[in-house]
Amino acid sequence: MEHTANSITIRGQLLSLPQFSHENHGRRFYRFSLEVPRLSGAVDLLPVIAEERLVNAIDPFGGEKLTVTGQIRSHNYREDGVRRLLIFVFANSIQAEDGDAVNTVVLEGPLCKEPIFRRTPLGREICDVMLAVPRAFHRADYLPCILWGRLAQEVSACHTRDRIRITGRLQSRIYTKLTENGAFQRTAYEISALEAEILEQQV
């Protein structure tokens, strides 16, 4: 994959026909989800937003395999008075093609929060970071990433504004949210790092 500050390629099964999402500056956008299996047998359900012209060009039908290339985007919104971060794949191209599952992400940007280092009950080391990945027009996408083991140790020594590059995969995770109105299942999205490189550290 050609390196940019934000690139993703996924290949998986289309779960249902694209549905209208929104219109922006006269362009119509549709949303759909791809089911992308991992080598472990687990499955990630990844949301995609695509312009109408891309969807019409392939005339998709439910159950077929699609390859999507583009960027990971974030969008802040409010739901029931609570601020939430929406993560999705913004498609630059879509192709209908068979083949093995693909889920490859390259991100580059500064940390916008201090890393959070922790250990699982079994002692596995984990580091959570939030990257501010630059976008056109002086905007940025705020993307949660998780690192493991040696990578977690290395990046946990970084600080806000340090710049890193991460190669990994976009993953979905279902969790239970406890509220005053009861327990609700929600889906979180994060980039699981396979490689990480510290590009610049603040003095």
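Fully extended, how many nm does the chain gain between Glu197 and His22 (0.36 nm per residue separation, minus their Cα-Cα distance)?
Details: separation 175, 0.36 × 175 = 63.00 nm, distance 3.65 nm.
Answer, rounded to one decimal: 59.3 nm.
Calculate the length of the line joining the C-alpha centroid of region 39-118 to that of region 151-203, in whole Å.
Going from one Cα centre to the other spans 15 Å.
Semi-axes of the equivalent ellipsoid for the chain, please: Cα gyration tensor eigenvalues, times 5, square-rooted, ordered largest first, whole Å.
On the way: eigenvalues 160, 79, 70 Å².
After diagonalising the Cα gyration tensor, the semi-axes are 28, 20, 19 Å.
Specify the longest stretch of the chain that does not include any exposed loop site, a site being one of the GluC sites (Glu not before Pro) with a non-H, G, I, E, B DSSP assignment and at most 12 other Cβ atoms within 10 Å.
Numbers: sites that count: Glu2, Glu64, Glu97, Glu180.
The longest uninterrupted stretch comes out as 98-179.
Determine, from the Cβ-Cβ distance of Asp59 and Ala157 and an R0 of 41 Å, the FRET efficiency 1/(1 + (r/R0)^6), rounded to the nearest 0.05.
Details: r = 50 Å, r/R0 = 1.22.
So, using R0 = 41 Å, E works out to roughly 0.25.
Scanning the chain for trypsin sites (Lys or Arg not before Pro) in DSSP loops with at most 15 other Cβ atoms within 10 Å, what's the longest stretch left with none? Show your work: numbers first, answer last.
Values: sites that count: Arg38, Lys113, Arg124, Arg161.
Result, exposed sites excluded: 39-112.
So for the pair Gln95, Ala5, with labels modelled 7 Å out along Cα→Cβ, what separation do we get in nm?
According to this spin-label approximation, the distance is 2.7 nm.
What length, rounded to one decimal in nm, is gained on full extension from Phe137 through to Arg173, with 0.36 nm per residue of separation minus their alpha-carbon distance? Spell out each step's value before the answer.
Values: separation 36, 0.36 × 36 = 12.96 nm, distance 3.12 nm.
Contour length minus the Cα-Cα distance gives 9.8 nm.
Which loop chymotrypsin sites (Phe, Trp or Tyr not before Pro) in region 100-203, with loop taken from DSSP, have no more than 14 other Cβ atoms within 10 angstrom of their Cβ? Write down the numbers at each step before the final one.
Numbers: sites: Phe117, Phe137, Tyr142, Trp148, Tyr175, Phe184, Tyr189; in loops: Phe137.
Filter output for region 100-203: Phe137.
Principal axis lengths of region 1-45 from Cα atoms, whole Å, largest first?
Cα spread of region 1-45 along its principal axes, largest to smallest: 42, 30, 10 Å.
Summing -39500 (n - 2.57) over the DSSP H runs of n ≥ 4 in the chain and dividing by its residue number, what mean residue ellipticity at 222 nm do you reach, to the nearest 500 deg cm²/dmol? Don't skip to the end; give the middle numbers.
Details: 2 runs with 15 residues, N = 203.
The per-residue figure over the chain is -2000 deg cm²/dmol.
What is region 1-126's relative contact order, in percent, from Cα pairs under 8 angstrom and six or more apart in sequence? Don't jump to the answer; show the numbers that get you there.
Numbers: 249 pairs, mean separation 37.7, N = 126.
Normalised by residue count, the contact order of region 1-126 is 30 percent.
From the convex hull of the Cα coordinates of region 94-152, what is the mean projected area in square nanometres? Provide the component values of the computation, followed by the final result.
Numbers: hull surface 26.5 nm².
Averaged projected area of region 94-152's Cα convex hull equals 6.6 nm².
Read-outs throughout are calculated quantities, based only on the coordinates presented, and are distinct from any laboratory measurement. Not measured: the values here are computed from a predicted model. Glycine also receives a Cβ, built like all others from the backbone with ideal geometry; neighbour counts cover every protein chain displayed.
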